[in-house]
Amino acid sequence: MSRVLDAIPYARFLGVGVERRDGVLELLLPFRDEIVGNARLPAVHGGVLGAFLELTALMRLIDESGTDRVPKPITFSIDYLRSAGPTTTRARAEIFKLGRRIATVHAIAWQDDPARPVASGNGKFLL
């Protein structure tokens, strides 16, 4: 999966990493000053979080399908739940429906505690 991430320029720019925890794909977004949206807090920019969640959903679909074909987003909506502070952000995605042509995926991002997500996203993808 690292090879797939390396092929995506924005993922390389963000420094996104990938690992497996308990057999589940998990993406990591290390904190850097370049991704700060509100310097007073400091908080990770909402656009960075949104892109990170969408990337997490895409990587989960690629991992599940076993193909190198990248699914195309149809819709992706984001709920911002709390500020993402100056620490590593982690994300996981769950596939709700995997059809022949369309997949529905839910992703969550958190920092210290998975029970306290900073953002969540729901998306539909064309396979």
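Run the dipole for the chain about the Cα centre, Lys and Arg Cβ at +1, Asp and Glu Cβ at -1, nothing else charged, and hand back the magnitude in debye, nearest 20.
Working: 17 positive and 14 negative charges, 76 e Å.
Result for the chain is approximately 360 debye, rounded to the nearest 20.
Give the value in nm², to one decimal: projected area of the alpha carbon convex hull of the chain, averaged over all directions.
That works out to 7.2 nm², a quarter of the Cα hull's surface.
Size of the dipole of segment 1-59 about the Cα centre, Lys and Arg at +1 and Asp and Glu at -1 on the beta carbon, nothing else charged, in debye to 20?
Around 60 debye, computed over segment 1-59.
With a 1.4 Å probe and all protein chains left in place, how much accessible area per residue does segment 2-126 have, in Å²?
Heavy-atom SASA per residue in segment 2-126 reads 56 Å².
So, with a 1.4 angstrom probe, what is the percent of accessible area on the chain that is carbon and sulfur?
50
Pairing the Cα long axis of helix 46-65 with the longest principal axis of the chain, what angle in degrees results, from 0 to 90 and rounded to the nearest 10?
Computed tilt is about 30 degrees.
Relative contact order of segment 35-127: what whole-number percent is it, with Cα pairs under 8 angstrom and at least 6 residues apart?
Relative contact order comes out at 31 percent.
Evaluate the relative contact order of segment 1-72 (contact order divided by residue number), counting alpha-carbon pairs under 8 angstrom at least 6 apart; express in whole percent.
The value is 20 percent.
The values are calculated or read from the model by the stated rules, or taken from the named source; none is laboratory data. In this text the structure is predicted, and so the values were computed from the model without any measurement. Quick reminder, even Gly has a Cβ in these numbers, built from the backbone with ideal geometry, and neighbours come from all protein chains shown. Only protein heavy atoms, including side chains, enter the accessible area calculation; ligands, DNA and RNA are left aside. Shrake-Rupley method; radii C 1.70, N 1.55, O 1.52, S 1.80 Å.
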